[in-house]
Structures are given as structure tokens and as C-alpha cells.
Amino acid sequence: MTDTAQVAGIVGRGNEAGARLFREWFQQLSAAAEEGRGAAYVFVMGSLAELLRVFDFPIVFPEINSLQAAVRRVAHEYLNEAENYGYSPDICGYVKADVAVQLRGGTHPMGKIPKPALAVATNACNTYIKWGEIWERMYGIPLFTLDVPGSRGAGLASPPGSADFEQDRRYVEAQLRELITLCERVSGRPFDIDRLREHMGHANTLSAGWRRVLELNRSRPAVFNALSDGTIYLGVANGFRGAPEGAAFFRDLVEEMTYKAEHGIGTAIAEQWRLLFVGVPCYPIFRRFSELFTDWGGVFVHSTYLWFASGGANLGFTYDLTRPLESLAEGVLLGVRDAMDSMFFQTPALAEMIDTHRADGVVYHPIKSCRTVSTGLADTRRALMALRDVPSLFVESDMMDRRVVSEAQMKNRIDAFFEGLATRRHQGAAAAL
Amino acid sequence: MATVFPEWQGQPLEEILYRCRALVEDADFPTVQRWREAGGKVVGHFQVYFPEEIAEAGGLLSFKVRGAPVETVHADSHFGSYLCSIIKTSLELALSGRVGLDLFVTHPICDAARNLAGVWGRNVPYPCRILYLPQNPNSAAAARYLRDEYNRLRGVLEEIAGRPITDADLRRAIGVFNENRALLRRLYALKRERPWLIPADEAYVLLAVGGLVPRTEHNALLRAVLPLLETRSTPKQDKIRVILEGGFCEQPPLDLISAIARSCYVVDDDLLIGLRWLVADVPQEGDPLGNLATAYLEHSAHSPVQHDLRKPKERMLLERLDQAGAQAAILMSAKMCEPGLEELVVHTRALDQRGVRYFVSEFEENMTSFDQLEIQLETFVENLLFD
């Protein structure tokens, strides 16, 4: 195969395949809704999709549904409907968009969302649990709260094998066994441990691929934009966890990104500035938000979003298929705990990321909707700036609510940030002469 | 250890209540200062519930961190815009030096609060820890997990105390808290049965003192005050009986509670519910940590930040209403409090279905003007009285 042919066949296929998989996924959900099949409603931080697939539940990620509504610029319609129902403007926009989807009988811009048969929420985000309570009331379905203890303080994550870790792992495993019993009851299907092994094997491939893809973005130029391209890959990492399509996607994506790294192929723009993104993207103006940076040659080479919103899949944890339940508990504990750590105790990891990815700047984007992610960002910014001499930008908006997104104001701040980066680079070059 | 709140001793009832109010409103938290000046160690624990018995067993003062009506001069730059007040003012107490602690513990009760250990830990010299109380209390494994978690906490507290915390220490502390629980039940029974003897604001300050002083001192205060309240000669008035919901974390300003008390008899509430979280005596015999864990899971109150399949929020609200014999409900939420705001939807629908009248409002601990709210509340009450 010639280089040209390889470029034509490899480069860009991850984005195309990701979009196709998403369309197919929502087509399948629409079909499930039409057939009246009850879905498993789950969340990105600890979805347990590999376990729920054993019972053939259609998997619904309401967070993804909500952000898709925002990307398609109709979120405000859903938010208004939920607020008219009684929900405050000051709560999570994802929740409100989903409430409106449910009030509309599952109607969503990408298709029809099946009703839940059960919901599984980890404690990685408290709103997950409050959100699940809404479905409990609407549908009378069981909400299973999988309680995953996090680190008890900065730098205090108990290492696997320690007594403290085993205490937590044992608690998670016991809950997983209870969840299996619940799934059997709700689905009417017996638990099949070999099918669990199969889905965990797919999750292993996906997680290893995700980790490798993130590592490959250390390349210069970066092989993907962590804000725009990364969000597509993240969607597949969540929506297709434990599925053969997800494993195949990440095998191909690793091949694509490796090829790009080896051939010095970057993103669609000429990379001028390597940036880190901390927070959640601005989905109501997603494309424009990205362009505000790429127009200056800014490429996001990494993002904490790709850690926590993948539920810790970035660790690349490999399940031990010879002892699936014990290993599932260990993997869920490590993954969800890492997701929490990357929100609450992110500073050391960000400092390391600045070094490994040779970042020129850090962009913090706290959002009104999500206090889990946003509450500590101003403080972690202070802490990071004390550790590394790297410029940062702090710009607030939202992931759903365009009422708190001021594009003009945002552009002014972003333009000033890049001007500052340029001045700094010029001063550095002058000083080196 | 010296008494940290002696001012009430030997005083008549009205003076005691005045002194308690002054202490609760004092944003310099003098009892904490006095305890530390006497060489004592202090454990600050954020809302809602903390197993204070373990700290008491180690001879530590457990201080309930629940914000304060202070300006967030130091804390503002550590947070973003869309946040409830208590998160910011609690950090302000630490950064401004108003409150000195030896350990800070928080439980991830909400999305904002779960960030606190990280933020505090980056800005204060003492250790900051997260206590992961079980958020799946319906799991058969929760009791053992929590017992182990309490044992882990015991180890942390032993380091602060500089001595072991024995099972005998724990049993003694459980005894102190059992007495406190009984006295608080008596206070709330009085609110319920003869509310004209104890207005909401007075009951509140008597309760809130418990988060500021050793529980042995709180017990002495309540032992002295309750008989005085029970024999008070306050005449009964024509006020409606209400329950007040929304005070599980950030606290409404005391003046707001006073304003409500001028219009209504508050016959039950969830103000500082963590101080009354365990609703029955905890056994002193057997494994004390196991007993505390079981009590948390099996004999406890409810709040918007705990999901328990046995405690659906609508039912718990209506039970509180019925058990208190209330005619109406005042539903409040702190501004930007996500769990509180979400609960309002649930509560209003439950009350609508039952046909119970309710008053809804948001508050902030730093509010200083209540005129408008008081007028609205009076209108609500008049509508009920003349309905």
C-alpha cells in the first residue's frame, strides 16, 4: 500500500467510524423503544456495561443523550420544558434535558430513547443518584446505587493488595453480586459467567486501546484534538464498552493514531500551541467553541474530561478473566476512583501532563451545570500554577444552557490568552538570543 | 478539659437562650478557640452526619462545619461562580483563621461538597480526609463496610489525639451521645406537643450549640433548660402548625427562622439534622463501632443527600408532617443547592397530591433582609387561617 493509499484508508477513519457507530447505536435504541424493550440506564463513570450486556439490556447513557441535544442546538427546548415542570435553572442541565426526553415519551433529536427497566448509578457523581430517583418515581423501576469508595484524601489512594484496598474491593464485589441478582430478576435471564468473560474481554481491548490512544497524543504534532476528536472517541469508549464493535473501533484507532504519529501527521490545522483542557466542553456551541482555539493554531493535546468521563478507562486496566467477578470489582473500584481523583485531586497528574505532552497552556472550563467537575477548578488552577510556569485561562460557561454561554465574551478572553502566549514565546526567544 | 461555654450557667431561662443565640451567631466560634487554648484538639466535620462519638472517645472536640454569615474575602478566589454559600463560607472560616482545626473531614454529600477535602487540603496545613459513608445503605455488605470505615477513621483520630481510642472509650462516648439524643428528642417532643413554649428560633439555638461544644456540656445545658421550658408560662396562640424542610446542610439565617416563628408554630424540621441523625439509643455493649454502623444504617433520619430504598422522600416528608400533626409545610432550599432544589420538585408534588398547603422559598445564609419573605409568609398563613 502506498503512503497516499494508507492515508486515504487510515487517516480520519476513527472519526467516521465513531459517527457511524453512534448513528447505529441510536437506531438500535429507537428499535428497542418501538419494541417496548426496557433499557438499562447507566452513567459514564462506572457504567458496568460489560455486566449489563450479559442480560441483553439496551444500554442508555442519559448524559450522552443530553449532550447530543446540546450539540444539535436544541437543548434549550428541553431545558425549558423541565423548568416548566418545576426543576430549577440552577441544577444540572443534563438532568433537565433528560427529564424533558422522558416527558416527551423518549423523543430525542437522534431517535427514540427506550424507557428504563432498571438504572445503575455509581456515587462518582451525586447527581447520578438524584437523577436515578427521578426515574424511580416516573417508572417505578429499581435504582441500584453502586457505592464505590474513592480516595480518602489527596495522594491516599490505597494500592491494590493492601488491606484498605481489599476492604473496598470486597464491598464493591458484594454489591456487584447483588446487582447480578437484580438483573436476573428484571431481565428474566440467568447470569452467564462466560458471557461476562466475553464482554470483559472486549472491555479489556477497549481500555488498552484508549490508554494507548491517549499516550500517542504526546506526539508532535498531536495526532488528534482532545476536545473535538477526543469527544467522539470518548463517546465510543462509553457507548460501546464491553461490545465487540467498541473493541474493534479501538484496535483500528490505535492503528490510525500510530500511523499518524509515525508519519508526523497532525490534526486538520497547523499546530501552533499545545493545550490542555480541564473541565467539560461547551456543547451548546461545540464546533465554534473548538474553533475559538483552533483558529489560533491551538490544539488540545489532552483533557481531564477524557479521564473522568471515561470512568477511568484511561488506566487501561486489564480484567483477569479467570476470576471475573473479583476482577470486575477491582477494575470498577480502580476506574471509578481514578475518575474521581482526576476531578478532585488532579493537580499532580496535570503537572505531569504538562511535561509529558509538552503543553504551552492550560484551559480551565468550569460549567454551571456540573459542580462535581467545576467546584474545585479555580483552586486546582492556583495549585497547578504554583507547580508549573505555564499560562492558563479560566473561562466559565455551561455544557447545556446557552443562556450562560456568552460567545463574544469568551472569544475576547480566548484571544487575549493566545496573545499572551505569543508574547511569552517572543520574549522567551528574545531572552535566548 | 475546661468548660468552653460557661456563660449560661446560673442564668434565668431568657438569659440562657440569649447566651445560646449569641454563641450560635458568633462567627469567631469562641468555644473552638477556648478548647484549643486549653490544649485541646479539634476535628472539623462538614455537614451532614459525622460519627462524633469516635472523636469524643479520643478526647477531641468535634466541631460541626456549617458555614457562617461571613464575607468570603479569602475563599472567593478558590471557587467558581455557581456555588452555594456554605461551601465558600466554610472555607473562609479556615482561610481567615477564624477557626483553627487539627483535622477536617468531609463526606461527599453533594457534588460541590465532595470537592471540599481537595480544596481544603491544598490550602491548610492540617490533614483533610473524606469519610465515605455508604451510599448504598441497602446492600447487605454496607454494615461491615461502614464498621471497617469507622475503624479506619478511628486510626486517623488516634493520630490526632496522640493516644489509642479503646472500645471502652467508645462505649463511654456512646453513653454521652445517647443521653444527648434523649434530651434532643425531649426538646423536639416539646416543639411538637406544646410549640407555644418553644419557638423555632429558640429550639434551633439550643440544638445548634451541640455542634460547638463537647456533648457533655450540651447535655448539661439541655438538662438545665428543658425543665424551665416545660414549665414556662407562655400562652398558646392561634398559629398554624408547620414543618420546615430544607435545613439539612446550609442553614437559614437565624433571623429568618425567627421570622417564621413569628407567624407559625414549627412543630418539626430538618435543621442540622445530622445532630439528630441517629434516632434511637446506640447499644453500649458489644462492638461499639459495629453498633454505630448499624445505627447509621438502620435507625437514622433521612435527608435529600442519602438514597435509601426504605426511605422514599415523599413518604418521609408526609410521615414527618403526620407525626408532627402539622397543617402545612414550609419548603426551603439554599440557593444553588442542587439536592435541595431537586427535592423541592418531589416535595411539592407529594404535597399537591395529598392536598397539603405549602410555602416555597430559597434562602442564603448571608441574607439580611426578610421583609418581603415575611410578608409573603404572613399572606400564606392568613390564607390558611381564613380558608
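Details
- Look at the dipole of the protein assembly as shown built from charges on Cβ: of A:ILE91, B:GLY40, A:MET110, the Cα furthest out on the positive end belongs to A:MET110.
- Fewest-first sequence of A:MET353, A:MET343, A:MET138 by Cβ atoms within 10 Å of each Cβ: A:MET138, A:MET353, A:MET343
- Gained length - A:ARG323 relative to A:TYR139, 0.36 nm times residue gap less alpha-carbon distance: 62.7 nm
- Of A:MET385, A:THR322, A:VAL404, farthest towards positive along the dipole that unit charges on Lys, Arg, Asp, Glu beta carbons give the range A:306-433: A:VAL404
- Footprinting exposure proxy for A:MET110, B:MET332 (fewest neighbouring C-beta atoms within 10 Å first): A:MET110, B:MET332
- Legend: residue pairs B:LYS239/B:LYS313; B:LYS239/B:LYS311; B:LYS311/B:LYS335; B:LYS88/B:LYS311; B:LYS236/B:LYS335; B:LYS64/B:LYS236, Cα-Cα distance threshold 32 Å; pairs beyond threshold, B:LYS236/B:LYS335; B:LYS64/B:LYS236.
- The calculated 222 nm mean residue ellipticity attributable to helices in chain B amounts to -15000 deg cm²/dmol, summing -39500 (n - 2.57) over DSSP H runs of n ≥ 4 and dividing by all residues.
- Extending 7 Å from Cα along the Cβ direction at A:ARG72 and again at A:GLU291 yields two label points whose distance is 2.2 nm.
- Top of B:PHE370, B:PHE359, B:PHE79 by mean-square fluctuation, Gaussian network on chain B, Cα under 10 Å: B:PHE79
- For chain A, the longest principal axis of the C-alpha atoms and the axis of helix A:75-85 are separated by about 50°.
- Euclidean distance of C-alpha centroids, the range A:183-236 and the range A:387-417, integer Å: 30
- Cut-off 12 Å between beta-carbons: net charge of the residues surrounding B:ARG122, Lys and Arg +1, Asp and Glu -1: +1
- Pairwise centroid distance, computed over Cα atoms, of the range A:345-380 with the range A:45-90, Å: 25
- Per residue, chain A reaches -18000 deg cm²/dmol at 222 nm when only DSSP H runs of four or more residues are counted, each adding -39500 (n - 2.57).
- Averaging the Cα positions of each part gives two centres, and for the range B:229-243 and the range B:324-384 these lie 21 Å apart.
- Average partner coverage of B:145-152, which counts Cβ from other chains inside 10 Å: 4
- Count of Lys pairs (Cα-Cα under 24 Å; at least 8 positions apart or interchain) in chain A: 8
- Around B:GLU342: net Lys/Arg minus Asp/Glu count, Cβ-Cβ under 9 Å: -2
- Think of chain A as having a plus end and a minus end, set by charges on the Cβ of Lys, Arg, Asp and Glu; of A:ALA100, A:GLN28, A:ASN217, A:ALA100 sits farthest toward the positive end of this dipole.
- Order of A:PHE345, A:PHE250 - criterion: other Cβ atoms within 10 Å of each residue's Cβ, fewest first: A:PHE345, A:PHE250
- GNM result for chain A, Cα springs below 10 Å: residue of A:ASP338, A:ASP56, A:ASP360 fluctuating most strongly: A:ASP56
- Aspartates and glutamates with Cα under 14 Å of B:LYS191, excluding same-chain neighbours fewer than 8 positions away: B:ASP201, B:GLU202, B:GLU230, B:ASP268, B:ASP269, B:ASP270
- Largest GNM mean-square fluctuation among B:GLN284, B:GLN47, B:GLN372, using chain B with Cα springs under 10 Å: B:GLN372.
- Taking a Cβ cut-off of under 13 Å around B:VAL24, the surrounding Lys, Arg, Asp and Glu residues balance to a net charge of -4, with basic ones at +1 and acidic ones at -1.
Read-outs throughout are calculated quantities, based only on the coordinates presented, and are distinct from any laboratory measurement. As the structure is a prediction and not an experimental result, all values here were calculated from the model. We place every Cβ from the backbone using ideal geometry, glycine too, and count neighbours over all the protein chains shown.
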